[in-house]
C-alpha cells in the first residue's frame, strides 16, 4: 500500500515536473490576483493590512481550484484511471496519493510564496509565520475536498465552472478559519485556536475524503 | 409490511398520484389557518411592531430549507446503499423545493432586517450559513443537470448531497464562531418557546403547511421525473 502511494505520488510529481509551466501558471495566477486588489481598492496601508489575510486566502482558494480539473482529466483520457480502478491497491489510497501530489504541486508553493505577498500588503512580520502555517494546514484540505468535486465532474459538460460551483461552498470553513487565524493574531489574541481547528479539519478530511473521492471516481467511471 | 414494495417507480407512481392532492389540500388549509392566526389573531409585538409578522413565513421557510436538505441526503444515502431508482428521483425532486425555501428565508429575512436592524443584509452567522446552503442546493441541481445519464446523475448528486450534509454542521459552526449578530433562537427544544402562544401556534401551523406543500410538490415532481425517464 505504501508502495502504491509512493509510486502514484512520484509519477504525478514527475508528470507535473515535465510540464512545469502548468505549475507556474497556477502560482502566477495566485500572485496576479493578490496584486490586483490594491489596484482596485487603493494603496492605503491600513486598509491593505486589514484585507491582506482574506485576499491572500481567497486568491489561494481560486488558484488551488483552477488546477483541480487537471487532477484526473489526463488519467481519464488515456485510460490510466481505469487501470487504477481495476488494480489491486485500494482506490481510496490512490485517491489520497493523487490529492497529496496535487497539494505538493499547487498548495505548497502558495504557502511558500505567501510571505512575499504579505510584504506587498505590509503585513507585520510577526504575522507572516501564522499566514504561512495557516496555508500549510489549509491547502491540503482544499486539495482533498476539491478532489471529490474533480472526480464527480470528470468528463461532464462545462466541468470547470461546475466544479467551482460544487467546491467553493465547501471551502467556506477553511477560508474562515485560515483568514481568521491571521486576523486573530493581528488583533493580539493569538491565532492558535483557528490553527488547531484547521488542523482538525485536515485530519478529518484525510480520514474521510479519500473514501468520497474513490466512490466519486467509481460513479464517474461506470 | 414490506417497505420495499413502494420502492419501485411502477408501484409508487399511483400511490403518489393518489396522495398528492390530499397533501396539497392540507397545505392550503394549514397555510390559510396559519396566516389567519398570524395576521389577525396574534398580538402586535411590543418591540418590533407589526413588522415581526414576517417571521410566520420566514422561520418555517428557514426550518424547511434545512430539513429538506437532510431528507434529500437521507434519500441519497438510501439510493447509494440499496441502489433503488426511486431514491435518486426523490432526491432530485426535493432539491428545487429546498432551494426555493432557502431563497424565501433569505428574501423575507432581508425584508425583516431592513426596518429592524436598519440593513438588508448583515454578514451574520445564520444568514451566511443559509446563503451557503443555497449554494449547496444550486450546486446539486447544476451537477444533476450537467450529467446526461440519469443513473450517473443520481449517484453523483447523491454523493454530493452526503458530502454537503457532513459539511453543513462544520460550515455552520465555523460561521457562528466567525461572527454573530442575529438574535438568539426564539424556539428551542430544551427551554420551550419564549414567545406568546398565539404566535407560536401561527408559526407551527405555517410550518406544517409548508411541510405539506413540500410533500405535495415533491410527489408531483417525482411523477414528472418518472415519466421523463421511463417514457
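Bear in mind these aren't lab numbers, they're just calculated from the coordinates by the rules spelled out. Predicted, not measured: the structure shown is a model, and the values here were computed from it. So basically every Cβ, Gly included, is an ideal-geometry build from the backbone, and we count neighbours across all protein chains shown.
Quick notes
- Angle between chain B longest axis and helix B:150-178 axis [Cα atoms, degrees, rounded to 10]: 20 degrees
- Helix axis angle, B:125-146 relative to chain B longest principal axis, alpha carbon, degrees: 20 degrees
- Taking the square roots of five times each eigenvalue of the Cα gyration tensor of region A:2-221, the equivalent ellipsoid has semi-axes of 32, 18, 15 Å, listed largest first.
- Taking every C-alpha pair closer than 8 Å and separated by at least 6 residues, the mean separation divided by the residue count of region A:2-221 gives a relative contact order of 26 percent.
- Evaluated at q = 0.12 Å⁻¹, the base-10 log of the normalised Debye intensity for the protein assembly as shown, with identical point scatterers placed on the Cα atoms, takes the values -1.10.
- Label-point separation, residue B:70 to residue B:220 (7 Å along Cα→Cβ), nm: 2.7 nm
- Over all distinct Cα-Cα pairs of region B:1-58, the Kirkwood formula returns a hydrodynamic radius of 14.6 Å.
- By the helix-only formula, in which each DSSP H run with n ≥ 4 contributes -39500 (n - 2.57) and the sum is divided by residues, chain A has a 222 nm mean residue ellipticity of -27500 deg cm²/dmol.
- Ranked from largest, the principal axis spans of the Cα set of chain B equal 56, 40, 30 Å.
- Calculated FRET efficiency for the pair residue A:189/residue B:107, C-beta based, R₀ 25 Å, to 0.05: 0.10
- Values of log10 I(q)/I(0), in the order q = 0.14, 0.15 Å⁻¹, for region A:140-222 under a Debye, Cα-only, solvent-free model: -0.54, -0.60
- The angle between the Cα long axis of helix A:45-66 and the main principal axis of chain A comes to about 10°, on a 0 to 90 degree scale.
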